[in-house]
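A.B. asks: Structure incoming, see below.
The values are calculated or read from the model by the stated rules, or taken from the named source; none is laboratory data. Just so we're clear, the structure is a prediction, and the values are computed from it rather than from any experiment. Neighbour counts are summed over all protein chains in view; Cβ atoms, including those assigned to glycine, are modelled from backbone coordinates with ideal geometry. Accessible surface areas use protein heavy atoms only, side chains included; no ligands, DNA or RNA. Shrake-Rupley method; radii C 1.70, N 1.55, O 1.52, S 1.80 Å.
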Amino acid sequence: MRSRHITIAVFFYLLSLGEVYGYNQVKTADDYLDQAELIIKDGTYLPLLENKRGEKDKFLQLVNQSLTLAESARAYLFLGFVSHMAFDSDSYKDSVHYYEKAIELKPKYLRALIALSSAHRNGKNYEECMNSTNQVLKIDPQNKIAKRVGADCKSSFDQQNLSECMKDYEVLWHREPKN
């Protein structure tokens, strides 16, 4: 009889230790996103691009696990990062979609607005890039990243317009060389 009581006492003691050490905890959506953030903690997102040890797959798995629990702007931002790192036209559209979804859920989400600006710059959609950076600067007028990305987009936009103007000029010149 005494050994039975000791066994039951040990069982409940170990059960409570398990809870203390996290064996019986339920993870939240933010817990999964925090784990995903550790993969890109250096801010360069190189682990997603290089994917040397399956970081991209692990990152996606964590973000998707988060989304099964709750929809969040941060999760869509992270999905945008993965698409953005592919650097092709289809992925550009996907990353813009995810960043816009993040902004829809959290309208003044600077991180998503800056990422959206960068995606538009990489996709050579310079007008939209300038619009996104202007949104950031309305919220945070001193944001150095937005200023730099916005200046890059303005410069590229001006260069693109100049190039188109020169093409039109050449067409006219070939049509009427004496004029």
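A.B. asks: Does Ser117 qualify as being modelled with pLDDT of 90 or more and open to solvent by less than 60 Å² (accessible area, probe 1.4 Å)?
C.D. replies: Taking the combined requirement at face value, the residue satisfies it.
A.B. asks: Working only within the stretch 71-116, note down all residues that are among the charged types (D, E, K, R) and touching a residue at least 40 places away in the same chain (Cβ under 8 Å).
C.D. replies: Arg74, the sole residue that qualifies.
A.B. asks: Which condition breaks for Asp30 when tested against (1) within 15 Å of the chain's Cα centre (by Cα); (2) farther than 25 Å from Lys93 by Cα; (3) not basic (Lys, Arg)?
C.D. replies: Status for Asp30: all satisfied but (1).
A.B. asks: Quick one: which of Asn122, Asn131 is surrounded by fewer than 21 Cβ atoms within 10 Å (Cβ to Cβ), of a type outside the set (D, E, K, R) and closer than 15 Å to Gly80 by Cβ?
C.D. replies: Going through Asn122, Asn131 in turn, the sole match is Asn122.
A.B. asks: Spot the failing condition for Trp173; the list is (1) under 21 Å from Ser72 (Cβ atoms); (2) among the aromatic types (Phe, Trp, Tyr); (3) modelled with pLDDT under 90, and only one is missed.
C.D. replies: (1)
A.B. asks: Please indicate, with yes or no, whether at least one residue in the stretch 78-87 is of a type outside the set (Gly, Ala, Ser), closer than 29 Å to Tyr126 by Cβ and open to solvent by 60 Å² or more (accessible area, probe 1.4 Å).
C.D. replies: yes
A.B. asks: Can you find a residue that is modelled with pLDDT of 95 or more and β-branched (Val, Ile, Thr) anywhere in the stretch 97-107?
C.D. replies: yes
A.B. asks: Are there any pairs with C-beta distances below 7 angstrom linking a residue in the stretch 129-149 that is more than 12 Å from Ala115 (Cβ to Cβ) and β-branched (Val, Ile, Thr) to a residue that is in a helix (DSSP H, G or I) and at pLDDT 90 or above, with the two at least 6 apart or on different chains, and if so which?
C.D. replies: Hits for this filter: Ile139/Leu110.
A.B. asks: Something else about it: Can you tell me which condition Thr133 does not meet? The list is (1) under 17 Å from Ser95 (Cβ atoms); (2) out of contact with any Lys or Arg (no Cβ under 8 Å at 6 or more places or on another chain); (3) of a type in the set (S, T, N, Q), and all the others hold.
C.D. replies: For Thr133, the failing item is (2).
A.B. asks: When you go through Tyr92, Tyr13 one by one, which is the residue that is over 30 Å from Cys129 (Cβ atoms), among the aromatic types (Phe, Trp, Tyr) and modelled with pLDDT under 95?
C.D. replies: Result of the check over Tyr92, Tyr13: Tyr13.
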